[in-house]
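Some notes on the structure that comes next.
Just so it is clear, none of the values below were taken in a lab; they were calculated from the coordinates. All values reported here derive from a predicted model rather than from experimental measurement. Neighbour counts are summed over all protein chains in view; Cβ atoms, including those assigned to glycine, are modelled from backbone coordinates with ideal geometry.
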C-alpha cells in the first residue's frame, strides 16, 4: 500500500525552492515548526513572508532552511501526494458501494475507499461527513475549506442508516447547517437505489437540502451495480428514469423562481436510460456537477461541433471505430451522424460488453482491456482505425483497469488502436490527424 509522506516530487528549476536547495525526493516535514499534514497545510503556512523549513534528506538526516519572500509567493515545489498523514478511509458500509462490488484479485488501489474532506476540497471527491470528528469540522471552518462535495443520499435518519450501513454520531442536517453557517459552500449528490432512498425519501431530501443556504447544487445519480452487487438492489427501469427526469424538471422550474438557479440536476445516465433528449447547454448553468456525470454528453457534443472545422473530406476510404460502452454509444450518436457526412469516412461505434464487471455496467470508463480485445476479435476490419478514449487509462499510464496496456490490446487484436483524449474537440483533432495520414 502506498505510503503517504510529504515527499517532494519536483522542484521548479527557477523557483524559490531550488534557490534555497530543496531537492526532489526530500521530505518537507515542517514549516515554522508546524508539522505538515497535507498540501492544504503547506499552502496555508507557506504563504507567510518568513519561513523556517525543516527538511529530511533521502538518507534521513534533517536540516533547517530559512527564506524571506513576498507574501503568497510560492516555493515552486510539488508533492507526490496531496495528503501526508494517510488518506481517511471510509468506515461506511453503503449498500451500493462500488468498491465493495469490485472483482477480487485486482490492484490494491482499486479497493481503497476514501472519505477524506481534504480530497473533497482539493479534487471534488464526494464525502459523507460520517467520518469527520470535531477537530475536522473546526479546521474546515477556520481554514474555509470551500467548496466541499457531499454525498447526502438521504436525510431520513432511519433510511440513511440503512443506506450507509451505520449509525451516525450526529444527524447529517446538523452537520450541513453548521458548515453552511460558517460560510462553507457545498455541492451534493444523491445516489439513488430503487425502493430505498427514492420516492418520499427523495422529495424529503431535496426539500431539506434546498433549504440549506450553503448548497449550490444537488445531483441525482443512479446506482451502479456490478455482477458482485448486493442481491437486494436493482437498476432503474426506463419508465422510472423518465419519472425521475420529470421530477427533476418540476423542481428546476420551482427553484428557478425561488433561488434563481435550477439547483437540482439529473445525471446523463438517466437521460440515456430513458431515451430522453439531453438538456440544452443553458440548462446545466455552470456545469458544477459535470464530474458527477451531469452534462458530460452535452459538453462533448458541443465541443465536437465547435472543433469540426478541422475536418474535411478524406482522399481514401477510411473506417474509424469509436470504442465505447453501451451508454457511450447512445451519447455519441449525434457526433457519429455528423462524421458520417464526410466523404470517404465511415465512423462506427464499437459498443463493448462489460464482462469483467457484468453487462449491467454500461459506462465507458469501466471497460477493461480483455473485454476490448474480445470485442475487437469480433469487429476487426482490415485497415480500420480504433480510437480508445483516455478515460479508460490509469493516470499517467497506458494501463486499463485490469492491468492490460494499450500496446497489448493492439498486439493481441492486430488492430490499429489509438488513444484519444476524452473530449469532442480531441475526437475531431484525432480524426483530422488520421485524414492527414490518408492523403
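When 408, 436 are sorted by how many other C-beta atoms sit within 10 angstrom of their C-beta, beginning with the fewest, the order is 436, 408.
By definition, a body whose alpha carbon gyration tensor gives a ≥ b ≥ c is oblate when a/c is 1.5 or more and a/b is not larger than b/c, and the range 72-225 fits this oblate description. Annotation: peptides 199-205, 369-375, ranked by per-residue average of other Cβ atoms within 10 Å with the highest first, follow the order 369-375, 199-205. In plain terms, the chain from residue 302 to residue 58 could stretch by 82.9 nm, reckoned as 0.36 nm per residue minus the Cα-Cα distance. Provide the percentage of antiparallel DSSP beta bridges, counting only those with both residues in the range 307-439; round to the nearest 5. Antiparallel: roughly 5 percent of the beta bridges in the range 307-439. A Förster radius of 41 Å combined with the Cβ-Cβ distance from residue 258 to residue 355 puts the calculated FRET efficiency at roughly 0.30. Once C-alpha pairs closer than 8 Å and six or more residues apart are averaged by separation and normalised to the residue number of the chain, the relative contact order reads 10 percent. Look at where the Cα atoms of the range 122-164 and of the range 32-79 average out, and the two centres are 29 Å apart. If both residues of a DSSP beta bridge must be in the chain, then about 40% of such bridges are antiparallel. When a/c is below 1.5 the answer is rounded, else prolate if a/b is larger than b/c, else oblate, so apply that to the range 268-394 with a ≥ b ≥ c taken from the square roots of the Cα gyration tensor eigenvalues. In terms of gyration-tensor shape, oblate. The calculated FRET efficiency for the pair residue 237 and residue 177, based on their C-beta separation and a Förster distance of 45 Å, comes to about 0.80.
The spacing between the range 203-222 and the range 7-26, judged by their C-alpha centroids, is 44 Å. Ranked by the mean number of other Cβ atoms within 10 Å per residue, highest first, peptides 55-61, 145-151, 401-407, 262-268 order as 262-268, 145-151, 401-407, 55-61. Please list log₁₀ I(q)/I(0) at q = 0.16, 0.19 Å⁻¹ for the range 161-251, using the Debye equation with identical point scatterers on the alpha-carbon positions. For the range 161-251 at q = 0.16, 0.19 Å⁻¹, log10 I(q)/I(0) is -0.77, -1.02. Between residue 168 and residue 411, the modelled labels are 5.1 nm apart [label points 7 Å from Cα along Cα→Cβ]. For the range 235-316, just say rounded, prolate or oblate: build the C-alpha gyration tensor, square-root its eigenvalues into a ≥ b ≥ c, call rounded for a/c under 1.5, and beyond that prolate if a/b exceeds b/c, oblate if not. Because a/c hits 1.5 or more and a/b fails to exceed b/c, the range 235-316 counts as oblate.
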